[in-house]
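Q: Okay, handing you the structure first.
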Amino acid sequence: MEIAQIEDWIAIAAAVFGIVVAIKGLAEFRNSIAERRRELRWKKASTAKQLIDEIRANGLAAAALKMLDWDGADFVKPDGTRSQPIHASERRKQLRVKDAYFSDDDEPDAIFVRDCFDRLMEDVSLIENYIKIGLIDFADVEPFFRYYAELAAEREERACLAPFARQYGYQPFLDFCDRFVPAGPKA
C-alpha cells in the first residue's frame, strides 16, 4: 500500500468517525431535549397540584366550592363561629352586585359568603392566568374542577356568579369556567 492510499483511508476513517461522533452528539442532544420536556411537564403538573391543594386547604375557597355543591350546609367561619345553613337561593341573593349592603341582622352570613366566592374567584383567576401563559396545563386542573365548573355554568348559578365576577374583576374566573361549558348567552 502506498502512502497516498493510507492517507486516503485515514481521511475516510476520520470522516466516518466524525459522522459517528456527530450522530451520537445529535442523539444525546435530542435525548436531553426530551428529558427537559419531561422535567418541564412534571413541574407544570406539580404546580397545578399545588394550586389545587391550596384551594382545598383554604377554608374560604373550599367553602365556596361546597356551597356550589351542597344546599343548606353550615360552615365554620374564620372567626370560629358557625354560619347558619346556607341555601343556594340565599347565597345567590348575597352575591348580588346591586344594593350590596348587608346588616348582620338581616343577612348574618352575607359577608362570609362573599368572602368565600371572592377567594375562590381570585384563586381560579390565577389558575386561568397560569394556563394562558403556559405555566400549567389545563389538563392538570380539569379533573378537579370539572364538576364545580359544570355546577357554576347552570343557568341560575351563572346568572349570579357572572355579574359578581365581572363587578370585582374576575373575568378570568368566567374564562376558566367557559373552558368546561360554553357560557351561551351572557348573564
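Q: Does Ile3 count as surrounded by 10 or more Cβ atoms within 10 Å (Cβ to Cβ) and aliphatic (A, V, I, L, M)?
A: So Ile3 fails the test.
Q: A follow-up question, please. State which residue pairs qualify: first residue more than 13 Å from Leu60 (Cα to Cα) and inside the stretch 70-84, second residue among the small types (Gly, Ala, Ser) and surrounded by 12 or more Cβ atoms within 10 Å (Cβ to Cβ) in any location, beta carbons under 8 Å apart, and separation of 6 or more residues or different chains.
A: Asp71/Ala88
Q: Further question on the same structure: Test of understanding: among Ile131, Ile127, Ile136, Ile52, which residue is at pLDDT 95 or above, surrounded by 14 or more Cβ atoms within 10 Å (Cβ to Cβ) and not in a helix (DSSP H, G or I)?
A: Ile136
Q: Sticking with this structure for a sec: Filter the stretch 42-69 down to the residues that are without any contact (Cβ under 8 Å) to a residue 24 or more places away in the chain and of a type outside the set (A, V, I, L, M, F, W, C) and list them by number.
A: Lys43, Ser46, Gln50, Asp53, Arg56, Gly59, Lys66
Q: Limited to the stretch 61-92, what total is found for residues that are part of a helix (DSSP H, G or I) and over 17 Å from the mean Cα position of the chain (by Cα)?
A: 10
Q: Based on this model, can you work out whether Pro85 counts as modelled with pLDDT of 95 or more, more than 23 Å from Leu126 (Cα to Cα) and surrounded by fewer than 17 Cβ atoms within 10 Å (Cβ to Cβ)?
A: Here the answer is yes, as Pro85 does meet what is asked.
Q: Could I ask something else about it? Could you tell me whether Val97 is out of contact with any Gly (no Cβ under 7 Å at 6 or more places or on another chain), part of a helix (DSSP H, G or I) and surrounded by 10 or more Cβ atoms within 10 Å (Cβ to Cβ)?
A: It is false that Val97 is out of contact with any Gly (no Cβ under 7 Å at 6 or more places or on another chain), part of a helix (DSSP H, G or I) and surrounded by 10 or more Cβ atoms within 10 Å (Cβ to Cβ).
Q: Okay, next question. Out of the stretch 106-139, which residues are hydrophobic (A, V, I, L, M, F, W, C) and without any contact (Cβ under 8 Å) to a residue 24 or more places away in the chain?
A: Ala110, Ile111, Ile133, Ala139
Q: Return the residues of the stretch 139-177 that are loosely packed, with under 15 Cβ neighbours inside 10 Å and either part of a helix (DSSP H, G or I) or modelled with pLDDT under 95 (or both); say none if nothing qualifies.
A: Answer for the stretch 139-177, where residues must be loosely packed, with under 15 Cβ neighbours inside 10 Å and either part of a helix (DSSP H, G or I) or modelled with pLDDT under 95 (or both): Ala139, Glu142, Pro143, Arg146, Tyr147, Glu150, Glu154, Arg155, Glu156, Ala159, Gln167, Gln171.
The values are calculated or read from the model by the stated rules, or taken from the named source; none is laboratory data. Nothing here was measured: the structure is a model prediction, and the numbers come from that model. Note that we place each Cβ from the backbone using ideal geometry, even for glycine, and neighbour counts take in every protein chain shown.
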